[in-house]
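Written out below as structure tokens is the structure these notes cover.
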Amino acid sequence: MLKIGEFSKISRVSVRMLRHYDEIGLLKPVKTDDCTLYRFYSESQLPLIGQIRSLKEIGFSLADIIEMTENFDDYEKIDAFYEKRHIELQKQAEITAHQMTLLDTARKRLRKELSMSYNVSIRTIPERYAATVHMVIPHYEDEGTVWQILREETDGMNMIPDDPCLVAAEFPDDEFKEENVEVFAWKTVKGRYPDTEHVKFKTLPAVKAASCTVKGGYEQMNDVYAAVISWVKENGYEPVGSMFNIYHVSPHETENPDEFITEVCYPVK
């Protein structure tokens with residue numbers, strides 16, 4: 001038999017943890033001296049403590065390990081534990097990968113911010129004739145379906161883009177929506193065309209707006225919005241409508257986010 005200190009050294013598990021395992025019934029010593037209360041372990045327990053160490057490294061809880069050690073002879077039960085942990089680790093990996101992407105983006109933004117400033121100015125977008133789509137989409141990231149509908153329902157009309165052709169999207173909701181998001185999208189065109197199920201052709205009124213044009217990915221847009229709102233407040237203007245984005249260069253033209261050119265417009269008076 002081995003004293004607890006010897007067993008601890010061989011198994012590479014601390015005495016404190018061995019005592020804890022004894023208390024919760026995970027690994028009990030083969031003998032405890034009635035007078036001294038010294039714990040003694042058998043060499044035959046070394047494989048079991050090795051299995052316990054391995055299961056802990058995989059990330060199993062002590063409660064799971066207790067149940068697993070009681071069912072080591074039942075292949076299906078043990079495999080079910082492994083499968084459950086595999087799914088948990090996959091989810092953790094996905095979360096970690098997403099967090100790493102956010103971290104990399106944040107670091108890139110930090111470097112860019114050292115030399116970045118947002119120039120805001122007042123400009124009037126003139127009256128314009130446009131193909132428009134006004135609908136509700138499941139989530140903000142589903143905006144692409146609106147443009148797909150516009151393309152599909154006007155295919156064959158031989159629409160002539162205006163010069164310059166402005167393509168924009170506005171989200172009129174008064175608050176952030178987790179689902180069922182209202183969107184109003186438009187593209188300026190020349191000529192006259194018949195309405196379709198979702199695409200309506202109309203003349204949009206001129207709008208005076210605080211405008212800021214930026215180059216790069218959409219991850220910076222919250223900072224741009226904040227800069228525009230701050231500028232409007234500091235310069236004595238009053239908002240009179242929903243902010244909208246004009247996509248001068250978008251994913252439709254390039255797959256490289258660094259080449260995107262977006263104009264943020266905030267209607268004011």
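Tabulated values for the structure
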{"quantity": "Difference of contour (0.36 nm per residue) and Cα-Cα distance, residue 142 to residue 198", "calculated": "18.5 nm"}
{"quantity": "Long-range HN-HN contacts of residue 159 with modeled amide H, under 5 Å", "calculated": "none"}
{"quantity": "Cα gyration tensor category, rounded, prolate or oblate, for the range 161-214 with a/c compared to 1.5", "calculated": "oblate"}
{"quantity": "Net charge of Cβ neighbours under 12 Å - reference residue 204; Lys, Arg +1; Asp, Glu -1", "calculated": "+1"}
{"quantity": "Total formal charge among the other residues, if their Cβ is under 14 angstrom from that of residue 6, Lys/Arg +1 and Asp/Glu -1", "calculated": "+4"}
{"quantity": "Using θ = phi - 60° and Karplus 6.51 cos²θ - 1.76 cosθ + 1.60, couplings along the range 67-83 (whole Hz; Gly, Pro as x)", "calculated": "5, 5, 5, 7, 10, 4, 8, 9, 4, 5, 5, 5, 5, 5, 4, 5, 5"}
{"quantity": "Estimated vicinal HN-Hα couplings, Hz - the range 6-21 in sequence order (Karplus 6.51, -1.76, 1.60; Gly, Pro = x)", "calculated": "5, 4, 4, 5, 5, 7, 6, 10, 4, 4, 4, 6, 4, 4, 5, 4"}
{"quantity": "Between the range 207-251 and the range 117-172, the Cα center-to-center distance that results, in Å", "calculated": "16 Å"}
{"quantity": "Helix-derived mean residue ellipticity, 222 nm - over the chain, DSSP H n ≥ 4, -39500 (n - 2.57), to 500", "calculated": "-12500 deg cm²/dmol"}
{"quantity": "Residue 3-residue 124 pseudo-label distance in nm [points 7 Å out on the Cα-to-Cβ vector]", "calculated": "9.5 nm"}
{"quantity": "The range 165-209 - percent of accessible surface contributed by carbon and sulfur, probe 1.4 Å", "calculated": "46 percent"}
{"quantity": "Solvent-accessible area of residue 105 with every protein chain in place, 1.4 Å probe, in Å² to the nearest 10", "calculated": "40 Å²"}
{"quantity": "Extended-chain gain in nm, criterion 0.36 nm per residue less alpha-carbon gap, residue 56 and residue 100", "calculated": "13.3 nm"}
{"quantity": "Listed values [x] 7, 28, 32, 21, 9, 3, 0; [y] 6, 20, 20, 12, 9, 10, 12, 8, 3, 1, 0; [z] 6, 24, 32, 26, 10, 2, 0, entry calculated as P(r) over Cα pairs in 10 Å bins from 0, in percent", "calculated": "[y]"}
{"quantity": "FRET efficiency, residue 269 to residue 162 (Cβ-Cβ, R0 25 Å, nearest 0.05)", "calculated": "0.45"}
{"quantity": "Reachable lysines from residue 202, criterion Cα separation under 26 angstrom, eight or more residues apart if same chain", "calculated": "187, 190, 269"}
{"quantity": "Environment charge at residue 187 (Cβ cut-off 11 Å; Lys +1, Arg +1, Asp -1, Glu -1)", "calculated": "+1"}
{"quantity": "Under 14 Å from the Cα of residue 9 - aspartates and glutamates, other chains or at least 8 residues apart", "calculated": "43"}
{"quantity": "Cleavage-rule hits, trypsin sites (Lys or Arg not before Pro), the range 1-80, DSSP coil, Cβ neighbours within 10 Å at most 16", "calculated": "12"}
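The values are calculated or read from the model by the stated rules, or taken from the named source; none is laboratory data. In this text the structure is predicted, and so the values were computed from the model without any measurement. Neighbour counts are summed over all protein chains in view; Cβ atoms, including those assigned to glycine, are modelled from backbone coordinates with ideal geometry. Just the protein is used for accessible areas: all its heavy atoms, side chains included, with ligands, DNA and RNA removed. Shrake-Rupley method; radii C 1.70, N 1.55, O 1.52, S 1.80 Å.
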